[in-house]
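See structure below.
The values are calculated or read from the model by the stated rules, or taken from the named source; none is laboratory data. Values in this document were obtained by computation on a predicted structure and should not be read as measured data. All Cβ positions, even for glycine, are placed from backbone atoms using ideal geometry, and neighbour counts span all protein chains on display. Heavy atoms of the whole protein, side chains included, go into the accessibility calculation; ligands, DNA and RNA do not. Shrake-Rupley method; radii C 1.70, N 1.55, O 1.52, S 1.80 Å.
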Amino acid sequence: MPILKSSIIKIIGSIKGVTFYYLNGKHISRKSSPPTKDQIYNDPRFATVRANNKEFGGASSCSKAICTGLQENVKTFKDSRLTSRLTGICRKIIQKGRGRPGQREANLFNHNQALLGFQLNKMQIFNQLYTAKPTISIDQDRTSINVKIAKSTKENLMKYPKSATHFQLIAAISIVSVHTWNEETKKYQPVYPESNALGASVVTIPLLCKIEHQNISLQINTPIASIPQEVAITVWIGISFRKMEENHQLIKLESTKAMECIAVV
């Protein structure tokens, strides 16, 4: 192993893959050796790493289910880091789950506050564009969700394009089953696959920006008739803008739009 002969450089630690340490009165340097694949999968010292990897896989599955349920809204509103941001939120949710590390359940109800206010685009914040407060009602069977805005005025529209003449509100749901660790497949899997990664959305007609609107109602019906209690429904609201051309054609303005999660029911 290399021995440092310099009386000036006396480093202890690792720099760019080289580890420096003091041994038997001498300063030693050696290349750091990363753990092998076999060590990661079998060595007891890497038990925490294995548990983290398993739960990261579960978080990825939940994140994918949310995005799949949101359908085209993901393509419309997302930023380039949506997947990693959403997976990070789902990882926090798993940490609140029952079970031992590496096998804790992924259930959105365990930490439903984690998703509230989550933006599909981190740089486009819904309540910075539109400040009217939506209310949510849901029927007993959880098959019909109504997002309502009692009153919307021009003062509720913030930072929207100067050329915009109209806006549209979008309400969406994404249905996500509780996921648990499957010892046979060595993966997290949905407990209710038939009630997982489903969604629906509705959109208002184009609404004039400069006038008041009352009792805006967006009713969403779930795509399945029965939803188990352990299956979560995430509820989202979004906004986009339009410009009325001289020929009375409405042109979609792509630069300003936002969608956020407003409930987990």
Restricted to the range 73-103 and to residues being of a type in the set (A, V, I, L, M, F, W, C) and closer than 30 Å to residue 255 by Cβ, the residue nearest to the chain's Cα centre (by Cα) is 86
Filtering the range 73-89 for residues that are touching a residue at least 60 places away in the same chain (Cβ under 8 Å) and either hydroxyl-bearing (Ser, Thr, Tyr) or open to solvent by 30 Å² or more (accessible area, probe 1.4 Å) (or both) leaves a count of 1
Open item on the list: Tell me yes or no: at least one residue of the range 148-165 is of a type in the set (Phe, Trp, Tyr), closer than 22 Å to residue 91 by Cβ and touching a strand residue (DSSP E or B) at 6+ places or on another chain (Cβ under 8 Å).
Closed with: no
Qualifying residue in the range 193-211 (condition: surrounded by 19 or more Cβ atoms within 10 Å (Cβ to Cβ), in a helix (DSSP H, G or I) and at pLDDT 95 or above): yes
For residue 147, the lone unmet condition from (1) surrounded by fewer than 18 Cβ atoms within 10 Å (Cβ to Cβ); (2) closer than 28 Å to residue 59 by Cβ; (3) over 19 Å from the mean Cα position of the chain (by Cα) is (1)
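Any idea which of 114, 106 is of a type in the set (Gly, Ala, Ser), buried (at least 18 other Cβ atoms within 10 Å of the Cβ) and over 12 Å from the mean Cα position of the chain (by Cα)?
On inspection, the qualifying residue turns out to be 106.
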Per the filter on the range 53-72, residues closer than 21 Å to residue 110 by Cα, of a type outside the set (A, V, I, L, M, F, W, C) and open to solvent by 90 Å² or more (accessible area, probe 1.4 Å) are 53, 64
A careful count of residues in the range 124-138 that are more than 22 Å from residue 71 (Cβ to Cβ), not β-branched (Val, Ile, Thr) and not in a strand (DSSP E or B) gives 4
When (1) at pLDDT 95 or above; (2) open to solvent by 20 Å² or more (accessible area, probe 1.4 Å); (3) assigned to a loop (DSSP other than H, G, I, E, B); (4) of a type in the set (A, V, I, L, M) are applied to residue 225, the one that fails is (1)
